[in-house]
Amino acid sequence: MKNLFLAVILTVFVSFTAFGQDNKPAAKKKTYAEITNGLAKINGFLPLYLNNEDGKIYFEISNFSREFLYQISLPTGVGSNPIGLDRGQLGDTKVVYFERAGNKVLLVQPNYAFRATTDNAAERRAVEESFAKSVIWGFKIEASEGEKVLVDATSFLIRDAHGVSNRLNQLKQGSFAFEESRSALYLPNTKGFPKNTEVEATITLVSKTETGRLINQTAPSGDAVTVRERHSFVELPDAGYKPREFDPRTSSIPIGFYDYAAGINENLEKRWIVRHRLVKKNPNDALSEPVNPIVYYVDNGAPLPIQQALIEGAAWWNQAFEAAGFKNAFQVKVLPADADPMDVRYNVINWVHRSTRGWAYGSSIEDPRTGEIIKGDVTLDSQRARQDFLIGSGLTPQYSANAMCDFGLMPDVDYLLNPGSKDDANTMSLARIRQLSAHELDIRSDLHIISLPAHTDALR
């Protein structure tokens, strides 16, 4: 009887406690206005709200299911050619869209590697449902107002999105991992524009184990590597661009995909060339200016003689455009002082410094759907010019024709003390920079074949 009484008392107590917990008033969720009140707003393609007190950043999302371009890049580098994490390096390019799912917003990447280029919606759906998509991130909805929602994007934006730690670890430079306490938004380069929004973050990677020789050569503290990483959200180009089929006889670079709208007697794999959009202003004229010229901007951080050489070399391409019927279609300028070279609106030729001589390469941000170049991005290594100068100096004759004394046995003392100018080696170095600028630019425009005209002065 005593045990039964205790059991009853215990049951009542547990029930009462549970009842009290279940009926405890839930914390009231803040409204849209309450969260955004006092926050700095950055208007643009993807509006942002910044809370400077706690370092949080919010996305304001209203255009669900609308595809856009998501680009990751590296505004500041590590400075080691073997490591390969250079200033201005482009990372992954993805077509994505926001999808609302209950109290969440998903960032979804559709699968453009498998598609059906047809107007038949059922055919397209059959392909879409046959291959996996990728959800890049999931955001919790903090508040909503009409058709727009507010999500906390802090952890999405302040992370090692470029994969710097992975690269360092692959090269056995340590056991690097993202360190949140040493990372933050980089507000000077967090901006909004009508067709793109740019968010930059200072990212620190920390190694808990011994670090390698390569990273210790360039980082002031090898166990703590700090770079900046950029997230670009960009409006996709309109439908006015016409893809062009890749021909292996040209020097173009293709994108590839499987087209399930192709007939069973046709090749399933399609390849379209990567190129800039270029349209004549007057299509019936043999020589016409374009509707929008292709403009490349030379790094304003390069020395003035280098800037001029880069402009001259890149501008050689204009001769090929004129031969194809385009006047003033390709232009090269110095990047304005107030312009951001990482902004996707600018095609750039970057002058990149490394601790040793390294590669030069041309790359671009392309629309994965069509191959249209949205931003050209060329990287030129500054050490190459110095090496070319040393090669030129080594090829310069050490003694002039009259540099021997009458006996032909000893060099002229005056010549040894004043061996002449270094103009020849310097001229050769700048000529090589012109040639390299043109080579790495490798423009792929609205032409079937573009070949660089011969420039014998570059080889003198």
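Here, each number is a calculation from the coordinates, and none is a lab measurement. All figures in this text were calculated on a predicted structure; none of them were measured in a lab. We place every Cβ from the backbone using ideal geometry, glycine too, and count neighbours over all the protein chains shown.
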Shape box of segment 47-145 [Cα atoms, principal axes, largest first, Å]: 49, 43, 18
For residue 195, list the aspartates and glutamates whose Cα falls under 16 Å from its own Cα; do not include residues on the same chain fewer than 8 positions away. 60, 67, 235, 238, 340, 343, 366, 367
20 Å Cα-Cα threshold exceeded, pairs from 280/333; 191/242; 242/280; 29/56; 172/208: 280/333; 191/242
Gain upon complete extension [residue 129, residue 29; 0.36 nm per residue less C-alpha separation]: 32.3 nm
In debye, nearest 20, what is the charge dipole magnitude of segment 169-217 about its Cα centre with +1 on Lys and Arg Cβ and -1 on Asp and Glu Cβ, if you could check? 120
Charge dipole of segment 48-90 built from unit charges on the beta carbon (Lys, Arg +1; Asp, Glu -1), centred at mean Cα; most positive-end Cα among 74, 50, 61 is 74
So which lysines pass the test for residue 133, namely a Cα distance under 19 Å, with those fewer than 8 places away in the same chain ruled out? 94, 104
Count neighbours as other Cβ atoms within 10 Å of each site's Cβ, and list the GluC sites (Glu not before Pro) in segment 78-173 that are DSSP loop with at most 11 such neighbours. 129, 147
Which order, highest average first, do 68-75, 228-235 follow once you tally other Cβ atoms within 10 Å for each residue and take the mean per peptide? 228-235, 68-75
